[in-house]
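One structure is given here, and the rest of the page talks about it.
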Amino acid sequence: MFCTYFQAQVPPKNCWFVIAILKSFEHMSFARTLDAQKGIVEFFVPPSMEEQFLEVTQYFVQHHMMIDLIKLPNRLLE
């Protein structure tokens with residue numbers, strides 16, 4: 001089974017914090033910057049961790065640390 005895939009815009013001033021918090025949850029997600037200029041970060045999330053990932057990222061969205069979190073088809077499968 002492959003990971004679910006998300007993208008979000010993360011303002012550069014918040015990027016280190018968002019990624020550090022997500023890394024603190026073991027095996028929750030793998031994050032990497034897709035476009036540094038636009039602040040686009042992609043997240044690969046195991047299906048079993050998707051619910052927890054969404055709980056954490058909703059906090060970031062509510063506090064304007066992350067913008068436009070969207071679930072997309074896993075781009076590595078294409």
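Residue pairs, Cβ under 9 Å, 6 or more apart or interchain, first in the range 1-21 and closer than 17 Å to His64 by Cβ and free of Cβ contacts under 8 Å to residues at least 24 places away in the same chain, second in a strand (DSSP E or B) and not aromatic (Phe, Trp, Tyr). List them.
The qualifying pairs are Ile19/Ala31; Ile19/Arg32; Ile19/Thr33; Ile19/Val41.
Taking the condition out of contact with any Cys (no Cβ under 7 Å at 6 or more places or on another chain), part of a strand (DSSP E or B) and surrounded by 11 or more Cβ atoms within 10 Å (Cβ to Cβ), does Tyr5 pass?
Criteria met by Tyr5.
(1) surrounded by fewer than 17 Cβ atoms within 10 Å (Cβ to Cβ); (2) not in a strand (DSSP E or B); (3) not charged (D, E, K, R): which one isn't true of Met28, the others all being true?
(1)
State all residues of the range 33-61 that are within 16 Å of Phe2 (Cβ to Cβ), touching a strand residue (DSSP E or B) at 6+ places or on another chain (Cβ under 6 Å) and either without any contact (Cβ under 8 Å) to a residue 40 or more places away in the chain or small (Gly, Ala, Ser) (or both); if no residue qualifies, say none.
Within the range 33-61, Glu42, Phe43 meet the criteria.
Going by the structure shown, is Pro11 surrounded by 11 or more Cβ atoms within 10 Å (Cβ to Cβ) and either at pLDDT 95 or above or β-branched (Val, Ile, Thr) (or both)?
Taking the combined requirement at face value, the residue does not satisfy it.
The values are calculated or read from the model by the stated rules, or taken from the named source; none is laboratory data. These figures come from a predicted structure and were not determined experimentally. FYI the Cβ positions are ideal-geometry reconstructions off the backbone, even for glycines, and counts take in every protein chain you see.
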